[in-house]
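First comes the structure, then the notes that go with it.
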Amino acid sequence: MLTHLQISNFTLVEQLELELKRGLSALTGETGAGKSILLDALGLVAGDRADADKVRHGAERADIQASFNVSKLPFIGKWLSEQELGNEDECLLRRVVTREGRSRAFINGQSVTLQQLKLLGDMLVDIHSQHEHQSLLKNTTQQRLLDAFGQQRSLVKEVKRAYFHWHSCKEQLEHLQSQSDEIDARFQLLSYQVEELDQLALGENELNELEQEQRQLANLESIQQSCQYLNELCNDDENGLLAKLHSALRVLTELPKKSEHLLNSQSLLEQALINSQEAQADIEREQFSNELDPARLPEIEQRLSSIYDVARKHKVLPEELSALHQQLSAELLKLQSGDEQIEALEKALREHLENYQKLADKLSRKRQSAVTKLNRAVNGKLAQLAMGHADFVVELVELDEKPHCNGNEQVHFLISTTPGQAPKALSKIASGGELSRISLAIQVVTAQTSTIPTLVFDEVDVGIGGTTGDIVGNLLRELGEQGQVLCVTHLAQVASKAHQHLRVEKTIAKDSVNSSLNQLNNDEKVVEIARMMGGDVASEQSLAHAMAMLKSA
C-alpha cells in the first residue's frame, strides 16, 4: 500500500509530504482548492504521460516520490527481482519532470524506462476517474478481475504456459519449414563430405610418417652413394683412414721413451681408431640395409597426393583433416533430414494444442460459472448505489480457433444505465460519476481477490446524496477494510466514514498560489464535515449535526 507521498513544485504545490495508512482516506476541500493534485501526482509517479505545464510556475522541475509497502505482495517482489531493481519490503517510485518537458523515472533509486514504471505502477495503484490511468476500462484488467473472482489464477497460468509451449513449437516448425530446402541441402553435403573422409581413412599419425618416409626414399640413391664413398675411405688397405691410424699408432708404440705429450697423443689415436671402426661399421649397415624399399616411393607419393587434394577441397591444412572429419561427423549425427524434423515437430505441435485446448475449455467453463455470480453481485451493489435501473453484464466473446494466451475468449464488462438500452462497454459511459460508482461496485465485489493494494476514487458521489451517500460511504469503508482506498469527495456522508481525513486548502499570496494538504484531527473533522453539509461552521447546531454524523459512522 501507499505509505508516503512527497510532492515538490507540482502545479500549485510547492512542498507537500504526506503519511498514509490502511483503510479509507477521504480528501476534501473547497472547489478549486486542488483536490485533483494528489490524483494527478499519483498518476504521474505511476507512469502517466508527463506534461511540462504541471511544473510549478518559477520552478525548474517537479519531483514526485511515492513509497509503497509491498511486504505482502510477493508478485511485486518477483517482478522487481526479475528487473534487477531490488526486492525490499518498501518500494520507492519517483518521477521528475523538467520545465522543458523532459521526464525521468526511477524505481528504488535506479533509472528505469517509462514502460517499466507504468508496469509497476499499474500493479500498485488503480485510479478510478476519467483519467487514462483507469485500468478497469481495459479488457486485460476485466479478464484478470473475473478470473480472480472465480479463483482461477492457477488455471490461467496453466493455460498461458500451455499456450507458450504451443506457440514456441509452432514458430520452430514454421522456421524449419521455411528452411527445409537449406537443411536438406546441408544434410546431403555433409553426407558426401563425411563419406569422402571416411574413404580417405587418414590415420592419426599417418601424414607425418608418410612425409618422413617420402623424404628418406627420395634421397635413398644419394645416401647409398655417399655411404659407398665413405666406406671406401675407411677400408682402403694402403690409403684408408683405418690403415693410416694403424701406421701412426705403430710409430708411437715403437718409440723408446715417450713424453707426456706423446703418451696423450697415442691415447687419443687409439680412441680415434675405435670410433672410426664403429663409424665404418654403421656406414656399412646403412649401405646394405633392406629397410627402405625404393619401389614404395610411387605408392607413398600417390597417398600423399590424395590427402593434399582432399585438404585443398575442404580449404584446410592437411594436418587439420582429422579434426574436420570429427566435426563434420558430429554435425551429421545431430542433423536429421528436414522431413524427419518436420514430422517430429508436427507431432509435438498436435500434442501441445491438445493440452492447451483441454485447459482452455476447462477455464471457459469456470469463467462462465463466475460470470453468473459476478453479474448478480455487482448488480446488487449498483442497486444500493442508486443505480437499480442499471444492468451490469459480463460478456465472454469467443475468439477465433487459433489459441490465445488468455484462453478461448475475451472478457468484456458491459453496462446499461438506461432501461431498455442494450449494454455497452464501460468505456462508452459518458458520466464520470456513473463510471466511478460502477467501478466502486465491481471493486467492492472483487476486493477479496484483487491484487492491487491501493485504489483511488474520484467523484464517486457525483449526483447522489442522502441515504445513497451513506451507502457509498459504507461501501468505500468496507473496501478500505480490505486494503487502502483514497477517495476525493464533496459528500459529508462519505467523508464521515473515513479512517483518515485529509483537507486540501489553497492560499493566495501577492505573487503566488499554493495548495496544501493537511491531516485533520477529531475536532477539525467535525468542522470540515459541518462545512461540507452546508452549515455554518460557527453554529453549534451545525457542529452538533456533524459530530452526530461522525459518531454514527
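Bear in mind these aren't lab numbers, they're just calculated from the coordinates by the rules spelled out. Because the structure is a prediction, the values reported are computed rather than measured. Reconstructed Cβ throughout: ideal geometry from the backbone, glycine too, with neighbour counts over all protein chains shown.
Structure values in brief
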item: Relative packing of 193-204, 57-68, which averages over residues the other C-beta atoms within 10 Å, highest first; result: 57-68, 193-204
item: Theoretical gain in end-to-end length, residue 138 to residue 301 [0.36 nm per residue, Cα-Cα removed]; result: 50.7 nm
item: Listed residues 202, 306, 329: farthest to the positive end of the dipole of the stretch 201-334 (Cβ charges); result: 329
item: Residues in the stretch 303-336 reached by a label modelled at residue 191 [backbone nitrogen below 20 Å; 7 Å Cα→Cβ]; result: 325-336
item: FRET efficiency, residue 527 to residue 82 (Cβ-Cβ, R0 60 Å, nearest 0.05); result: 0.75
item: Degrees separating the helix 338-384 axis from the principal Cα axis of the chain, which is the longest one; result: 10
item: Full-stretch length increase - residue 395, residue 102 - with 0.36 nm per residue and alpha-carbon distance subtracted; result: 101.3 nm
item: Extension gain from residue 171 to residue 262, taking 0.36 nm per residue of separation minus the Cα-Cα distance; result: 23.0 nm
item: Per-residue ³J(HN,Hα) for the stretch 313-326, Karplus 6.51 cos²θ - 1.76 cosθ + 1.60, θ = phi - 60°, Hz, x for Gly and Pro; result: 4, 8, 6, 9, 6, x, 6, 9, 5, 4, 5, 4, 4, 5
item: Folded to 0 to 90 degrees: helix 540-552 orientation relative to the chain principal axis, Cα; result: 50
item: Long-range amide H partners of residue 4 with built H, under 5 Å; result: 20, 67
item: DSSP beta bridges in the chain [antiparallel fraction, %, rounded to 5]; result: 70
item: Residues 79, 166, sorted so that the one with the fewest Cβ neighbours within 10 Å comes first; result: 79, 166
item: Calculated FRET efficiency for the pair residue 330/residue 362, C-beta based, R₀ 41 Å, to 0.05; result: 0.40
item: Inter-label distance for residue 19 and residue 119, nm, one decimal - labels placed 7 Å from Cα along Cα-to-Cβ; result: 3.4
item: Inter-part distance where the stretch 184-208 and the stretch 487-520 are each reduced to a Cα centre, Å; result: 85
item: Helical mean residue ellipticity (222 nm; -39500 (n - 2.57) per DSSP H run of 4+; nearest 500) of the chain; result: -18000 deg cm²/dmol
item: Residue 552-residue 344 pseudo-label distance in nm [points 7 Å out on the Cα-to-Cβ vector]; result: 7.6
item: Relative contact order (percent, whole number), the stretch 201-334, Cα cutoff 8 Å, 6+ residue spacing; result: 33
item: Using alpha-carbon coordinates, inclination of helix 153-178 to the longest axis of the chain, degrees; result: 40
item: Among (i) 15, 30, 17, 12, 10, 10, 6, 1; (ii) 21, 50, 27, 2; (iii) 20, 41, 30, 10, 0, the entry derived from the coordinates for P(r) over Cα pairs in 20 Å bins from 0, in percent; result: (i)
item: Mean Cβ neighbour count within 10 Å, used as a protection proxy, ranking 85-91, 25-31, 250-256 highest first; result: 25-31, 85-91, 250-256
item: Links that overshoot a 28 Å alpha carbon limit, given the list 35/428; 334/402; 373/525; 118/157; 21/78; result: 334/402; 373/525
item: Where labels lie 7 Å past Cα in the beta-carbon direction, separation of residue 270 and residue 478 in nm; result: 12.8
item: Phi to ³J(HN,Hα) by Karplus 6.51 cos²θ - 1.76 cosθ + 1.60 over the stretch 520-534, Hz, x for Gly, Pro; result: 8, 8, 4, 5, 5, 4, 4, 5, 5, 5, 4, 4, 5, 7, x
item: Relative contact order (percent, whole number), the chain, Cα cutoff 8 Å, 6+ residue spacing; result: 22
item: Rel. contact order, % - alpha carbon contacts under 8 angstrom, at least six apart, the stretch 229-287; result: 37
item: Residue 457 long-range amide H proximity, modeled H, under 5 Å; result: 128, 486, 487, 488
